[in-house]
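Scroll down for the structure; my scribbles are underneath it.
The values are calculated or read from the model by the stated rules, or taken from the named source; none is laboratory data. Every value quoted in this text rests on a predicted model; they were computed, and no experiment measured them. So basically every Cβ, Gly included, is an ideal-geometry build from the backbone, and we count neighbours across all protein chains shown. Protein only, heavy atoms only, side chains kept; ligands, DNA and RNA dropped before computing areas. Shrake-Rupley method; radii C 1.70, N 1.55, O 1.52, S 1.80 Å.
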Amino acid sequence: MSAPEIDAAPECPLTDRPVGSTSTLRRVGAGRVRRRRLAELGFVPGATIEILGRGGVGGLVLAVNADTRVAVDAAGARELWVHGEGRRG
Amino acid sequence: MAEGLLTRRRVRPVLLEKPCCTDGADGGPVDAAAAQVVLVGNPNVGKSTLFNALTGARQHVGNWPGKTVAVARGTWRPAGGGEVGVVDLPGTYSLVPDSPDEELTRELLVDASGPGRPDVVVATLDASNLTRNLYLYAQIADTGIPVVVALTMVDVARSRGLDIDTPALGRALGVPVVPVVPRSGQGVDELAAVVLRALDERVPATPAPLDTALEDAVAAVSTALGSEAGPAGRWRALALLEGGGGAPEHARDVTARAVADLAPEADPAADPDDPAEEIELRIAEARYAWAHDVLGATVGRRGPRITWSDRADRVLTSRWLGLPIFLAVMWGVFEATTAVAAPLQGAVQDLFDGPVSDGLGRVLGLVSAPEWLTGLVQDGLVSGVGQLLSFAPLMAIMFVLLAVLEDSGYMARAAFVVDRLMRVIGLPGKAFLPIIVGFGCNVPALAGTRILRNPRQRLLLGLLIPFVSCSARLTVYVLLAGIFFGSQAGTMVFVMYVLSIALVVGMGWVLRRVAFRDLVDDPLLLELPPYRRPTLRVMGVQTWQKLRAFLRTASGIIVATVTAVWLLSSIPMPGAQAAPSGEPVSFGHVAPADSVFGGVSRAVAPVFAPAGFDDWHASAALVTGFVAKEAVVATTAQTYSAEEPADVHRAGALGTALHDTFERTSGGHVVPAVLAFMIFLLAYTPCMTTVAAQRAEIGTRATLAGIGMQLAVAWILAVAVFQIGVLLT
Ligand SMILES: Nc1nc2c(ncn2[C@@H]2O[C@H](COP(=O)(O)OP(=O)(O)O)[C@@H](O)[C@H]2O)c(=O)[nH]1
Ligand SMILES: [Mg+2]
């Protein structure tokens with residue numbers, strides 16, 4: 001996560017990414033307990049997140065680290081700060 | 001399998017205490033120090049299926065002693081001889097608890113010592129989702145407990161093009177790894193052999209290495225803790241670094257220094273939790289880095305990453321089709337718990353009211369039992385047991401439906417689709433299902449609250465379910481609406497349903513602000529397990545276990561209530577007049593009006609004066625309604641026919657009688673009074689079976705509080721409707 005070209009890439013919430021895109025998680029903008037729950041499912045900095053689909057009212061279906069499928073709502077997706085095309089995985 | 005299902009003797013509940021040697025009545029050598037094996041893993045990894053493959057029918061589902069966490073415990077008889085107690089712990093993503101379910105796993109693995117500590121953990125890991133499963137494994141290994149890995153879903157992994165080098169995985173983890181397909185029993189014998197060996201050797205698991213700086217810190221803190229850290233020393237050291245619990249005096253300085261080294265940028269002055277939080281995140285990252293390394297060294301990946309499950313999700317969770325499909329599934333669930341269940345329920349009830357009751361009556365007649373005993377048996381016990389058992393098919397259907405929806409993976413999608421809607425009452429999307437079922441019957445709906453993992457949410461939902469208008473209440477609405485509202489009857493019944501929904505939403509809103517302020521509105525975060533075909537055998541055994549647990553908890557309340565009502569209506573009030581026929585009043589020969597039941601109803605009636613129905617017929621109907629709403633119409637007819645026999649010969653006599661009563665009690669404001677009565681009927685305690693089911697799910701105290709709340713809400717609403725109605729008319 002310390003590669004300079006990655007750190008320089010602009011950061012955006014997952015809500016800004018299109019369906020079908022793959023991103024690398026940079027940080028989680030949430031409190032400690034929430035961060036812990038997210039980490040248990042694989043959301044730690046450096047994780048790859050692919051957006052598989054979009055449900056009603058802004059919910060997203062995600063593939064985390066390739067194998068885990070997770071659903072988040074719009075508020076949950078806004079907590080996930082990512083940057084561009086993932087280089088991992 | 002069958003002998004275990006039918007004879008209690010063979011089902012030996014395995015508690016954490018070592019089973020006593022005298023308990024081995026069914027033969028076979030019983031190991032005096034029978035070992036304890038616990039299954040730990042993420043949700044949906046096949047733990048319960050594996051548990052079933054190991055224990056067969058020798059299992060028992062019940063709450064863990066002192067907790068409301070339902071756990072399956074069983075006895076495993078491995079081929080190598082002896083008996084091993086097996087516990088199927090609730091699925092968990094980590095050992096840092098978020099709910100009582102997860103707390104139990106943490107307590108057993110970390111806090112327990114001596115005989116309370118399990119002998120071996122079978123870490124059940126999903127081969128098709130190893131990264132995340134290894135994260136939990138790393139935590140288990142940190143507790144220093146002997147571990148064996150059961151690698152499930154190897155068939156799924158293979159079909160997804162994942163090549164897992166099991167021996168290499170075993171070497172990387174430093175523990176035995178056995179691939180199993182619990183559904184077909186494949187690999188279970190090998191697992192047995194490995195577990196037996198682990199029970200013999202009791203080698204603590206090798207911890208998953210973190211980065212050097214973290215390892216140095218852990219080493220320093222562990223050394224400072226010394227021997228008092230116990231077997232889970234590494235876990236304790238990590239927990240201290242993460243800010244969990246206070247360090248003992250002599251380790252405090254070392255811990256503080258290690259924390260400062262690890263998180264030099266963090267500013268404890270600004271926020272004392274800051275460094276701990278940073279270290280916790282760092283440990284999580286290090287565990288994932290380790291998991292990625294292990295994966296890289298042991299798993300080859302070929303083939304597409306998009307699975308057929310993903311393709312199904314494109315439809316089932318899609319913006320346009322997700323909701324209609326969800327509603328169709330809910331309609332199916334509703335039909336199954338109403339239309340399909342009703343004839344079965346009726347058949348059981350008829351069996352008890354007819355042949356069983358008559359048969360017992362004849363037997364009692366043969367031995368010339370006293371009349372009161374025959375009455376007690378026929379009208380009290382048999383009818384109570386009949387009512388209880390009539391719920392058995394319905395509950396079985398409900399348990400099967402829940403299992404199918406959960407195990408197939410659809411429940412998680414349903415929760416995603418309706419999440420926003422359910423947030424109105426502060427509950428997650430999954431809460432939709434029990435509410436829908438509640439419109440059929442509240443009893444299975446209460447059992448359905450189990451799909452919520454958070455016990456506070458479960459409690460809130462359990463308190464709201466009784467406000468969902470069940471089909472038994474419908475019969476009373478139809479009767480009253482038909483009598484009092486004529487051509488508007490249909491509209492009035494519809495209004496009752498609208499009111500029911502308003503009550504659920506409104507009370508949800510109130511409770512959230514009064515008693516459930518701790519329920520935070522976290523954004524949705526939900527794992528979507530792959531779609532799978534549920535295992536029939538496991539579902540069968542689990543349904544039977546849950547059904548038995550329900551019948552056991554419910555039987556007391558139901559038989560006691562039915563017997564009490566029978567007694568009350570059999571005992572004449574002191575000073576009761578002889579019937580017009582001249583027959584003297586005695587036990588069992590008394591008109592409802594003259595019985596203690598009538599007396600109680602009369603005593604209660606004035607409470608309803610402000611609601612416009614201060615009359616013993618009405619309160620008698622409500623007392624009966626507490627037992628079962630199905631009985632309200634019958635009781636009402638009975639109370640009138642006994643008192644005003646002349647009316648019975650006229651068509652719609654009951655209607656006229658009711659009309660007269662409400663006319664009198666409401667001072668001419670019949671419509672508001674009837675509405676108030678119907679609303680009271682909607683909002684107060686649905687029936688004693690609901691009370692029993694509620695007690696099974698949320699405990700005695702919450703159930704009593706719930707009854708109090710229902711009565712208060714029902715009375716307040718009824719009074720409000722009547723008083724406002726009087727003002728307006
Ligand atoms: N394909 C496959 N499915 C399995 C296997 N083991 C269990 N299942 C299915 O996975 C689902 C979840 O299993 P369950 O035992 O309830 O998981 P638990 O939540 O860990 O207790 C059920 O539908 C099982 O039928 C397996 O080895 N292979
Ligand atoms: Mg299970």
From the set of residues in region B:124-146 that are away from chain A (no Cβ under 14 Å) and open to solvent by less than 10 Å² (accessible area, probe 1.4 Å), which is farthest from B:E107 (Cα to Cα)?
B:T124
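Here is a yes/no grid of residues against (1) more than 18 Å from A:D73 (Cβ to Cβ); (2) surrounded by 12 or more Cβ atoms within 10 Å (Cβ to Cβ); (3) at pLDDT 95 or above; (4) within 12 Å of chain B (Cβ to nearest Cβ):
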{"position": "A:E5", "(1), (2), (3), (4)": "yes, no, no, no"}
{"position": "A:A8", "(1), (2), (3), (4)": "yes, no, no, no"}
{"position": "A:T15", "(1), (2), (3), (4)": "no, yes, no, yes"}
{"position": "A:G20", "(1), (2), (3), (4)": "yes, no, no, yes"}
{"position": "A:R27", "(1), (2), (3), (4)": "yes, yes, no, yes"}
{"position": "A:R32", "(1), (2), (3), (4)": "yes, yes, no, yes"}
{"position": "A:R37", "(1), (2), (3), (4)": "no, yes, no, yes"}
Among the residues in region B:55-70, are any more than 17 Å from the chain's Cα centre (by Cα), away from ligand 2 (no atom under 16 Å from the Cβ) and either modelled with pLDDT of 90 or more or more than 24 Å from B:L151 (Cα to Cα) (or both)?
no
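Does region B:110-119 contain any residue that is in contact with a Phe, Trp or Tyr (Cβ under 8 Å, 6 or more places away or on another chain), assigned to a helix (DSSP H, G or I) and within 16 Å of ligand 2 (Cβ to nearest atom)?
no
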Checking the condition basic (K, R) and surrounded by fewer than 19 Cβ atoms within 10 Å (Cβ to Cβ), which residue from B:R252, B:R287, B:R236 passes?
B:R252
Flagged in region B:541-550 as touching a helix residue (DSSP H, G or I) at 6+ places or on another chain (Cβ under 8 Å) and either without any contact (Cβ under 8 Å) to a residue 12 or more places away in the chain or more than 15 Å from ligand 2 (Cβ to nearest atom) (or both), in numbering order, are B:W544, B:L547, B:A549, B:F550
I want to confirm something. Restricting to region B:89-123 and keeping residues that are within 16 Å of ligand 1 (Cβ to nearest atom) and over 27 Å from A:R34 (Cα atoms), which single residue is farthest from the other protein chains (Cβ to nearest Cβ)?
B:V122
For region B:541-569, give me the residue count where each residue is touching a strand residue (DSSP E or B) at 6+ places or on another chain (Cβ under 7 Å), closer than 24 Å to B:V600 by Cβ and buried (at least 19 other Cβ atoms within 10 Å of the Cβ).
1
Mind listing whichever residues of region B:411-421 are buried (at least 19 other Cβ atoms within 10 Å of the Cβ) and either over 15 Å from B:V329 (Cβ atoms) or more than 16 Å from ligand 2 (Cβ to nearest atom) (or both)?
B:R413, B:A414, B:A415, B:F416, B:V417, B:V418, B:D419
For region A:42-62, the count of residues that are assigned to a strand (DSSP E or B) and either more than 7 Å from chain B (Cβ to nearest Cβ) or not hydrophobic (A, V, I, L, M, F, W, C) (or both) equals 8
What tally of residues in region B:521-540 results from selecting those that are within 14 Å of another protein chain (Cβ to nearest Cβ), within 14 Å of ligand 2 (Cβ to nearest atom) and open to solvent by less than 20 Å² (accessible area, probe 1.4 Å)?
1
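Which of the helices (runs of 4 or more DSSP H) found entirely inside region B:420-471 contain at least 2 residues meeting this: in contact (Cβ under 8 Å) with a residue 12 or more places away in the chain, among the basic types (K, R) and out of contact with any Pro (no Cβ under 9 Å at 6 or more places or on another chain)?
Helices (runs of 4 or more DSSP H) meeting the threshold: B:455-464.
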Please pick out the residue among B:L162, B:L225, B:L196 that is touching a Gly at 6+ places or on another chain (Cβ under 9 Å) and open to solvent by 20 Å² or more (accessible area, probe 1.4 Å).
B:L196
Of B:I397, B:I325, which residue is within 14 Å of chain A (Cβ to nearest Cβ), at pLDDT 85 or above and either in a helix (DSSP H, G or I) or within 16 Å of ligand 2 (Cβ to nearest atom) (or both)?
B:I325
Matching helices (runs of 4 or more DSSP H) fully within region B:608-709 where at least 2 residues are under 27 Å from B:I558 (Cβ atoms) and at pLDDT below 90:
B:616-627, B:632-643, B:688-698
Please specify each residue of region B:511-520 satisfying the condition of being among the charged types (D, E, K, R) and either within 16 Å of ligand 1 (Cβ to nearest atom) or more than 14 Å from chain A (Cβ to nearest Cβ) (or both).
B:R512, B:R513, B:R517
List every residue pair whose Cβ atoms sit under 6 Å apart, with the two residues 6 or more apart in sequence or on different chains, where the first one lies in region B:167-196 and is assigned by TED's automatic domain parsing to the domain that holds B:V38 and the second, anywhere, is open to solvent by 50 Å² or more (accessible area, probe 1.4 Å) and in a strand (DSSP E or B).
B:G187/B:P179
